1. If you take the residues of region 240-257 that are farther than 21 Å from GLY136 by Cβ and of a type in the set (Gly, Ala, Ser), which of them is nearest to the ligand (Cβ to nearest atom)?
2. Quick check: anything in region 155-162 farther than 30 Å from PHE33 by Cβ and either out of contact with any strand residue (DSSP E or B) (no Cβ under 8 Å at 6 or more places or on another chain) or within 16 Å of the ligand (Cβ to nearest atom) (or both)?
3. Before we move on, is VAL248 under 26 Å from VAL70 (Cβ atoms), modelled with pLDDT of 95 or more and touching a Leu at 6+ places or on another chain (Cβ under 7 Å)?
4. Tell me, which residue of region 205-239 that is within 16 Å of the ligand (Cβ to nearest atom) and charged (D, E, K, R) is farthest from VAL304 (Cα to Cα)?
5. Before we move on, is ARG105 within 27 Å of ILE235 (Cβ to Cβ), away from the ligand (no atom under 16 Å from the Cβ) and out of contact with any helix residue (DSSP H, G or I) (no Cβ under 6 Å at 6 or more places or on another chain)?
6. For residues that are among the small types (Gly, Ala, Ser) and within 18 Å of ASN63 (Cα to Cα), scanning just region 142-153, find the one that is surrounded by the fewest Cβ atoms within 10 Å (Cβ to Cβ).
7. Of the residues in region 104-154, how many are within 21 Å of ASP34 (Cα to Cα), of a type in the set (A, V, I, L, M, F, W, C) and touching a strand residue (DSSP E or B) at 6+ places or on another chain (Cβ under 8 Å)?
Amino acid sequence: MSVALSRKLAASICVALMLGAAIHASPVAADSFDYQLVPRKIADDTWLLVGKTEDFSRSNGGNIVNTAFVVTDDGVVVIDSGPSKRYAEQMRRAIARITPKPVIRVFNTHHHPDHFLGNQVFADVPTLALAETIAGQRSEGGAFADNVYRLSGDWIKGTEAVAAREAVAPGAIVIGGHPFELIALAGHTQGDLVILDRRTGVLFAGDLVFHNRAPTTPHASIVQWLAALHRLDAIPFKIMVPGHGEPVGDGRAVEQTRRYLRWVESTLALGAARGDEMTEILGKALPAEFATLPLGAEEFARSVAHLYRRYEAGTLTRQR
Ligand SMILES: [Zn+2]
C-alpha cells in the first residue's frame with residue numbers, strides 16, 4: 001500500500017470512528033439527562049419543582065430536591081438552584097416557559113449539594129445565603145460536587161460548586177411586591193434559611209422539614225434542629241414547602257420530622273448510656289413508622305454512623 005493510500009485509509013477510518021461516535025452519542029444526549037422539570041403552581045406567583053424522594057442515583061441525576069420560584073412584579077426569585085449545572089439550565093428554561101421576566105435573586109436554603117450546585121448557571125444574578133451556608137459551600141462544595149458526580153455520573157458533568165456571593169441577614173425584605181421574611185435557623189446544618197412569603201403564606205422550610213422521606217443528618221445537631229422545629233410551629237403559613245417531599249397545608253410534615261428526630265435522639269442516647277456498640281444499634285429493627293418511610297433504614301444507618309460517637313463521647317464525659 002502506498003503512503004498516500006494508507007494516509008487516505010487512515011483518514012477515512014478516523015472519520016468513520018468520529019461519525020460512529022457522533023451517531024452513538026446523540027441518542028444518549030437526546031434521550032437522557034432530561035430532568036423533565038415541570039413547574040407546579042402551588043399559590044399565586046409561586047411554582048414548585050418537586051424532586052423524587054430518593055437518594056442520588058444515575059437514573060435520577062440528583063433530581064431529589066424541591067426547588068421553587070416566585071414570579072414577583074420585578075422578576076423571578078429562585079429558592080435553591082438544584083443538584084447540577086444541567087438541572088439549573090433546565091430550571092431556567094422551565095422558568096422561561098412560565099414567565100418572560102428575568103431571574104433577579106437566587107436564595108440557597110443551606111449548603112447541601114442538591115440545593116446549590118446549580119449556582120454556576122446564575123452567574124448573572126445575585127446569589128444569597130446565610131453566612132454559615134456560604135462558609136460551608138466554600139469549604140465543602142468541591143468534595144460535594146465530586147461525590148455527587150460519583151453517585152449520579154454524567155448528569156453532573158461540568159458542574160462546579162459555586163458559593164452564594166452575598167450573605168443575607170435575617171429579617172423582612174420586599175421584592176417585587178412580595179414581602180418576604182428571611183428566618184435564620186440551624187440544626188439540619190449550621191445555617192438553615194427559612195423563607196416566608198407573607199403575600200401568599202407559602203413557607204419554604206428547606207431541609208429543616210422532610211415529608212414522607214427520612215431526614216438526612218450529615219451536618220445535623222438534633223437538639224438545635226428540634227428547637228428550630230419549635231420555632232417553625234409558631235410561624236403561621238398556608239402552604240409549607242419541605243426540602244424533600246410533597247408540600248402540605250398543615251403541620252404534619254413538621255410533626256413527622258420531629259417524631260423521627262426524637263426517635264433517633266433517644267435511640268442513640270439510650271444506646272450510649274447502656275454502652276451499646278454501634279453494631280448493636282445498627283442491628284435493631286426500626287419501628288414500623290420509620291421502617292416504611294422512604295430511605296428510613298438507609299438514613300438511620302447513616303445517622304448512627306455520623307452521630308453515635310458523639311453520644312458515646314457525651315456519656316463518657318458525664319460519667320467522669
Ligand atoms: Zn440538606
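1. Selected residue: GLY245.
2. Quick first cut of region 155-162, residues farther than 30 Å from PHE33 by Cβ only: none.
No - not one qualifying residue is present in region 155-162.
3. Values: under 26 Å from VAL70 (Cβ atoms): yes; modelled with pLDDT of 95 or more: yes; touching a Leu at 6+ places or on another chain (Cβ under 7 Å): no.
It is false that VAL248 is under 26 Å from VAL70 (Cβ atoms), modelled with pLDDT of 95 or more and touching a Leu at 6+ places or on another chain (Cβ under 7 Å).
4. Per the criteria, the residue is ASP207.
5. Values: within 27 Å of ILE235 (Cβ to Cβ): yes; away from the ligand (no atom under 16 Å from the Cβ): yes; out of contact with any helix residue (DSSP H, G or I) (no Cβ under 6 Å at 6 or more places or on another chain): yes.
Yes.
6. Taking the candidates together, the pick is GLY153.
7. Here the count works out to 2.
The values are calculated or read from the model by the stated rules, or taken from the named source; none is laboratory data. Quick caveat, the model's predicted, so the values are computed rather than measured. Note: ideal-geometry Cβ built from the backbone for every residue, glycine included; neighbour counts use all protein chains shown.
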